[in-house]
Amino acid sequence: MRLGVLFSGGKDSCLALHYAIEYGHKIACLICIKSENKDSFMFHTPAVDFVDKQANALGIPLLSIKSRGKEERELDDLRRAIKTAIDRYKIQGIVSGAVRSIYQASRIQRICNLLQLECFNPFWMRNEEGHLLDLIKRRFVCIVTRVSAYGFDGKWVGREIDSGFLYDIKKLNEKHGVSLAGEGGEYESFVLDAPLFRKRLAIEKKMVRIGKHYACMDIKKVVLEKKGREE
Amino acid sequence: MILVVNLCREKMHELEFVKPVCDILATAGREFSVKDYFHLKRADLNAAKIILCGTSLMDFDYLKNTKVFEWVKKYRGDLMGICGGMQVIAHLYGGGLYKDIEIGKIRVELNREFFSMPQEFFAYSSHTLGVRPPRGFEIVAESSQGVEIIRRIEEEGGKRMILGVLFHPEVLNKEIIEGFVGW
């Protein structure tokens with residue numbers, strides 16, 4: 001099938017794209033909603049301005065739409081974006097990286113049903129530790145761009161999601177109930193490299209804001225670099 | 001051994017509709033195997049219990065092929081149908097299907113005792129066809145939109161339960177699947 005991936009630049013949507021290709025589907029486009037609402041429940045927001053660099057690295061067209069981010073109005077924006085993807089890229093379905101968010105999954109399902117599109121959520125109800133191990137095993141390079149939950153501090157921002165990260169976040173999970181995959185919005189990620197990236201991303205300029213149990217990386221400049229021969 | 005029957009037309013949907021059920025069985029320490037509904041063999045029906053999983057909102061292939069499910073009436077073990085699986089059961093036993101879109105979190109109320117479930121609970125629903133229960137099935141639970149759980153206990157030739165759950169218990173109510181396998 002020709003599919004559009006709901007793409008935020010984070011680990012879940014990027015991994016979902018890889019799965020869709022492995023299952024034999026063609027990715028016609030990435031669909032990205034740039035929400036002005038920093039606390040959007042629907043759309044993962046940090047680093048979303050640099051999704052175009054990831055699209056470039058993947059060699060996949062990007063359909064990007066701005067949203068004021070006003071709760072249910074965001075869904076009108078998403079529906080509009082998906083309708084444009086149907087018209088422009090002839091998509092037959094949507095892929096999302098939803099793991100446990102009923103809020104997100106049900107809203108995406110409703111839009112797909114309305115537009116008569118297939119909807120794929122390959123990580124639905126997946127074990128979160130297994131999910132992170134999958135990313136690590138596939139040698140994704142993802143960094144944490146925002147943390148916002150009790151137990152986190154500024155040192156988490158910029159960390160790569162690797163086995164050390166998994167070890168530490170399991171401790172936060174045991175102590176404070178933090179979701180390993182960040183499904184409750186506890187943290188957000190940005191992918192710098194992945195198996196299907198033809199180039200890797202490098203952050204050249206950034207600013208980190210730190211508060212109590214909150215930290216956010218404002219990325220200012222990203223460049224594309226050649227990948228090494230070993231890749 | 002529990003047989004988990006995959007109704008999905010698209011392979012990638014198995015990750016969404018079959019794997020979560022399998023994960024619940026694995027966590028409960030239950031041995032299981034997975035088969036596609038159109039690849040079942042006679043030997044597969046020796047399973048102690050069978051679960052028919054759901055599939056995507058756009059997938060109705062299983063309803064175009066209901067002859068493939070005729071074995072359901074001859075099978076003597078406990079059978080549970082989830083979403084599309086429940087629609088198959090209802091259709092085979094003479095019940096009705098009608099257009100009814102229900103997507104998202106719903107509130108379910110029990111009419112009968114049902115495993116260890118509370119009188120009211122939330123569930124996750126994702127279907128576009130509601131079910132009119134066939135004769136011989138009791139309505140165990142309903143939502144504001146309609147029937148959500150049906151059940152039939154057969155005593156003849158050994159006690160067995162046929163259970164239909166229209167919502168997806170693998171999302172918010174794994175105790176229903178655990179209750180079924182433990183019954």
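Note on B:R42 and A:R73: their simple-model spin labels are 6.6 nm apart, each label 7 Å out from Cα toward Cβ. With a threshold of 18 Å on the Cα-Cα distance, the over-threshold entries among A:K26/A:K53; A:K34/A:K90; A:K199/A:K221 are A:K26/A:K53; A:K34/A:K90. Taking the helices alone, the protein assembly as shown has a mean residue ellipticity at 222 nm of -8000 deg cm²/dmol, built from -39,500 (n - 2.57) per DSSP H run of at least 4 residues and averaged over all its residues.
Of the cross-linked pairs B:K41/B:K174; B:K19/B:K174; B:K35/B:K159; A:K175/A:K206, which ones have a Cα-Cα span greater than 20 Å in the structure shown? Among B:K41/B:K174; B:K19/B:K174; B:K35/B:K159; A:K175/A:K206, the Cα-Cα distance tops 20 Å for B:K41/B:K174; B:K35/B:K159; A:K175/A:K206. In the range B:131-175, burial by the other protein chains removes 30 Å² or more of accessible area from B:V171, compared with the chain on its own (1.4 Å probe, ligands and nucleic acids ignored).
In the P(r) worked out for the range B:75-160, what percent of Cα pairs fall beyond 15 Å? Percentage above 15 Å: 60. The equivalent ellipsoid that matches the C-alpha gyration tensor of the range A:56-111 spans semi-axes of 20, 15, 12 angstrom, in descending order.
Simple point charges give the picture: +1 on the Cβ of Lys and Arg, -1 on the Cβ of Asp and Glu, and for chain A a dipole about the Cα centre of about 600 debye. What shape does the range B:113-183 take by its C-alpha gyration tensor, where a ≥ b ≥ c are the square roots of the eigenvalues and a/c under 1.5 counts as rounded, a/b above b/c as prolate, and the rest as oblate? Verdict is oblate for the range B:113-183.
The Cα atoms of the range B:62-112 cover 34, 27, 17 Å along the three principal axes, with the biggest extent listed first. Using bins of 5 Å that start at zero, the share of Cα-Cα pairs per bin across chain B amounts to 1, 8, 19, 23, 23, 17, 7, 1, 0, in whole %.
Less than 11 Å from a label point 7 Å out along the Cα-to-Cβ axis of B:R9: which backbone N atoms in the range A:51-91 qualify, by residue? Flagged as within label range: none. Based on C-alpha pairs under 8 angstrom that are at least 6 apart in sequence, chain B has a relative contact order of 21 percent. Normalised by 2.2 N^0.38 Å, where N is the number of residues, the alpha-carbon radius of gyration of the protein assembly as shown equals 1.04.
Put a dot 7 Å past the Cα of A:K66, heading toward its Cβ, do the same for B:E155, and the two dots end up 7.1 nm apart. For B:E70 and A:L166, a Förster radius of 45 Å and the Cβ-Cβ distance give a FRET efficiency of 0.40, rounded to the nearest 0.05.
Take the alpha carbon gyration tensor of the range B:33-129, find the square roots of its eigenvalues, order them as a ≥ b ≥ c, and report rounded if a/c is under 1.5; if not, report prolate when a/b exceeds b/c, else oblate. Oblate is the answer for the range B:33-129, as a/c is 1.5 or above yet b/c matches or exceeds a/b. Three principal axis extents of chain A based on alpha-carbon atoms, in descending order, are 44, 44, 32 Å. The C-alpha atoms of chain A define a longest principal axis, and helix A:73-89 lies at about 60 degrees to it.
If only the Cβ of Lys and Arg carry +1 and only the Cβ of Asp and Glu carry -1, the dipole of chain B around its Cα centre is close to 600 debye. Note on the protein assembly as shown: with charges restricted to the Cβ of Lys and Arg (+1) and Asp and Glu (-1), its dipole about the Cα centre is near 1180 debye.
The values are calculated or read from the model by the stated rules, or taken from the named source; none is laboratory data. Source: prediction; values computed, not measured. Glycine also receives a Cβ, built like all others from the backbone with ideal geometry; neighbour counts cover every protein chain displayed. Please note that ligands, DNA and RNA were not included when accessible areas were found on the heavy atoms of the full protein model with its side chains. Shrake-Rupley method; radii C 1.70, N 1.55, O 1.52, S 1.80 Å.
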